[in-house]
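S.K.: Have a look at this one.
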Amino acid sequence: MAEGGRSSPPLPRYKGFLPIFLSGNKQFPDEKLQELTQPDPTNRASVGDSPADLQTLTHDVIRGDFGQVRRLATRQLVTSADAARRTVLMRVANFPVTPVKSEKCILYLFELGANPKAADANGDTAAHLAARRDHLRLLTLLSFDAKWLQNDNGATPLMKAARTGSWKCAKHLLHLLRNERCNEREKHGNSKRSRLLGLQDREGRTASDLARLSGHSELASYIEREMRLVVDSFGYIFGLTAQVSGICGADAPLQEADRQELERLADAGDSAGLRRAATRGSCDLPDRTGQTALMWAALNSSCGDEALWEQLVQLGDPTCANIWAGSCLHFAAKTGNSAAASALLAAGASANARGQCESTPLMMAAFAPPATAAAVGRVLLDSGADCSLKDYKGDTALYLATQEGRSELAELLRQYEGENYFDENLPEGPPFLERWDAVRLIGRGGFGEVHEVRTDTGVTCAAKTLRLPLQLGDELPSVSTEIHRAVESERNLCRLRHPNIVRFLHIAQPEPAAVVVFMELLDGRTLERFIDNKPLDEPKIRDFSEQICRALLYLHSRQPPVIHRDINCSNMIVRADNTRIKLIDFGLSIKLEQSVSHMSASTQSPKGTLNFMAPELLGAGESDSVQYSRESDIWAFGCSVFQMASGARPFANARSFLEMAQLIDRKGAPALPNGRSAELRDFYSRCTAKDRKRRRSAQELLGHEFLTGGKLKTRLLSSLFGAGN
């Protein structure tokens, strides 16, 4: 009995082949096994009130129509369920096949908060449903810890695949555990792998038992053979040779001979021989490092026959990876084998799969032969590859292509530079023809209101309505003309393209004294709410600060520069994944005319958020008018760093411009709380120098040790030890 008299949930039962020579490793703990396999009762999905929208969204994802998915999908919709308690993710999983373009749609569901562990009325998750229908694409995109949960009958997704004869999904789940990321071989040797593959349902049946009982004896034998394989503490795979007594089956020498023959044919580029020799049982036989026939063929550009690859992806596992997570698609990209890449993607491989050192297939294309790098890169991009992803060094595919001299691929990737992966399908120009309708109120402030709106062209976005107060005696035509001029000066915002800046779609003037700014609809919360009066840890401060600095560098480097003028933690949105941040609310930003004096950016009185205003904006005598500048943006950014580090706004008790000016004049910027690193303190001081001429630019701040220290150390270690990509 557990503490308090409550019964602990029973441990999952398993039956398998435990390692017999890995005594130096600890067995995979019961509590870890339970954590990985036992469902959380709170993950049962709740029935929503929009069944028609749920059905429409399901069909849009299945068709791979990202534009429609982006317009319809909301956090509320993707987390709600139908009468059978199935979410849109489960409904898509229950469909047997989806096109390549569905990957981006599915990833967008995760972006909005779709829960991969949510269960329906029977305890089945998206992984169970996908495995039952052999829907490899969706199963591949789920996280590892969402693929081993047991349903109400104790069945795992592997058991579902075994019972229905779903070869592709069964192989995917079996082969995942060859990868050292998943099997945790350094800690547990073969134990984690053996325990997961030997799990039993409520009636004591394993996956191989269920396959055999359901008439899928060939699949049952395949599962049993996979269970006989052993991963040692170095990650190497044994079991196809007679090296480990008591583990290999009688057919092991024959299997090893088949594997070697396939490797020889692939290495020789003998496509005809491969087509004759490959079988469903032999295609995925691994060598010690997990390399299979499909990987050897992908590594040979001579194996570029479309008919060969059409056969190989039907027989083998297109998602299979070696022990270091290098997949068939990574190898096809590295050799510029477009035929292989196209076939693998169509069969269910992910265009954004992470390999060794967090590399993606698109990154590996940077190492392809110059003549084929751009072609295979285009295949990946057309299939939903995300250009903005970074490897463990922080390098993107564009950076690697540039470094490796793959100029045609680099030029192709530059077309996507600065774009957010999920924002590419937003329209250029006005998002409406004649009208838009408010869906819900998002926020209200002193200048107006922000609504989620749906336009007559089907676009869902945010609309900020600014109603400007008219004074007695104002002449409406002249006021309208002045507002029109102001609107025209702000249209530069619609040309901004950066992953850390909200996307502006259009600025309209529907009435003489009203302006509507249309923007992308962001799912998340302000940085101020994210902080919630509690200091952030330094890694998070570093991450957010780097992203904001990059946005400021982009703005301040424009010709002419763009000044935000109201940077503060309420004007930054932390996205739903809690890792990405965007600058919003450029209602006070302006385009500096030419690159002349600051007078063109002057107003008679300062506007913005009091606690974040630079000294020169508070009447500190530089001129008779307010001078907004790049330096005042940097000060405000520094104040945002203070709030992240302390949990509170700077000068939180100041009540007037005068009091703020006096405080800054006497003490300067407030000191960071005790316990913060010297690097952070110095970084903060470079942002908040009283003399604006001494403040560092965004470019200089990005080179500061606080932001680069960790990366420089990583690169140094990489150069010392020769880590590859």
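The values are calculated or read from the model by the stated rules, or taken from the named source; none is laboratory data. These figures come from a predicted structure and were not determined experimentally. For neighbour counting, all protein chains shown are included, and Cβ atoms are generated from backbone atoms with ideal geometry for every residue, glycine included.
S.K.: With in contact with a His (Cβ under 9 Å, 6 or more places away or on another chain) and free of Cβ contacts under 8 Å to residues at least 60 places away in the same chain as the only criterion, which of L129, L138, L142 stands out?
M.R.: Result: L129 is the single residue among L129, L138, L142 that is in contact with a His (Cβ under 9 Å, 6 or more places away or on another chain) and free of Cβ contacts under 8 Å to residues at least 60 places away in the same chain.
S.K.: Now for a different question. Do you know which residues across region 655-678 are hydrophobic (A, V, I, L, M, F, W, C) and either over 17 Å from A636 (Cα atoms) or more than 40 Å from the chain's Cα centre (by Cα) (or both)?
M.R.: F657, L658, M660, A661, L663, I664, A678
S.K.: Restricting attention to helices (runs of 4 or more DSSP H) lying wholly within region 251-311, give those where 3 or more residues are under 19 Å from H172 (Cβ atoms).
M.R.: In region 251-311, 293-298 are the helices (runs of 4 or more DSSP H) which contain 3 or more residues that are under 19 Å from H172 (Cβ atoms).
S.K.: Hey, another quick one. Being buried (at least 16 other Cβ atoms within 10 Å of the Cβ) and modelled with pLDDT under 80: is that true of G448 here?
M.R.: Judged against the criteria, G448 is a match.
S.K.: From T56, T42, grab the single residue that is assigned to a helix (DSSP H, G or I), modelled with pLDDT of 90 or more and of a type in the set (S, T, Y).
M.R.: T56
S.K.: Let me ask something additional. Kindly check whether there is at least one residue in region 345-355 that is more than 28 Å from G67 (Cα to Cα) and not hydroxyl-bearing (S, T, Y).
M.R.: The answer is yes; a qualifying residue exists.
S.K.: Would you mind stating whether L142 is surrounded by fewer than 24 Cβ atoms within 10 Å (Cβ to Cβ) and aliphatic (A, V, I, L, M)?
M.R.: The answer is yes for L142.
S.K.: Quickly run through region 145-181 and pick out the residues that are farther than 24 Å from G204 by Cα and surrounded by fewer than 20 Cβ atoms within 10 Å (Cβ to Cβ).
M.R.: E180, R181
S.K.: Can you tell me which residue among N122, N153 is part of a loop (DSSP other than H, G, I, E, B), out of contact with any Pro (no Cβ under 6 Å at 6 or more places or on another chain) and at pLDDT below 95?
M.R.: N122
S.K.: Shifting gears a bit: Any residue that is at pLDDT below 95, hydrophobic (A, V, I, L, M, F, W, C) and either touching a His at 6+ places or on another chain (Cβ under 8 Å) or part of a helix (DSSP H, G or I) (or both) - is there at least one of those in region 97-112?
M.R.: Yes, region 97-112 contains at least one residue that is at pLDDT below 95, hydrophobic (A, V, I, L, M, F, W, C) and either touching a His at 6+ places or on another chain (Cβ under 8 Å) or part of a helix (DSSP H, G or I) (or both).
S.K.: Say we look at region 547-580 and pick out the residues that are under 23 Å from the mean Cα position of the chain (by Cα) and among the polar types (S, T, N, Q); which of these is farthest from F530 (Cα to Cα)?
M.R.: Step by step, filter region 547-580, then rank; the result is Q547.
S.K.: Residues in region 461-469: is at least one out of contact with any Leu (no Cβ under 8 Å at 6 or more places or on another chain), modelled with pLDDT of 90 or more, small (G, A, S) and part of a strand (DSSP E or B)?
M.R.: Within region 461-469, one or more residues are out of contact with any Leu (no Cβ under 8 Å at 6 or more places or on another chain), modelled with pLDDT of 90 or more, small (G, A, S) and part of a strand (DSSP E or B).
S.K.: Being part of a helix (DSSP H, G or I), modelled with pLDDT of 95 or more and not aliphatic (A, V, I, L, M) is the requirement here; does K171 meet it?
M.R.: yes
S.K.: Let me ask you something else. Looking only at region 287-312, filter to residues that are crowded, with 23+ Cβ neighbours inside 10 Å and over 27 Å from P370 (Cβ atoms); which one of those is farthest from the chain's Cα centre (by Cα)?
M.R.: A293
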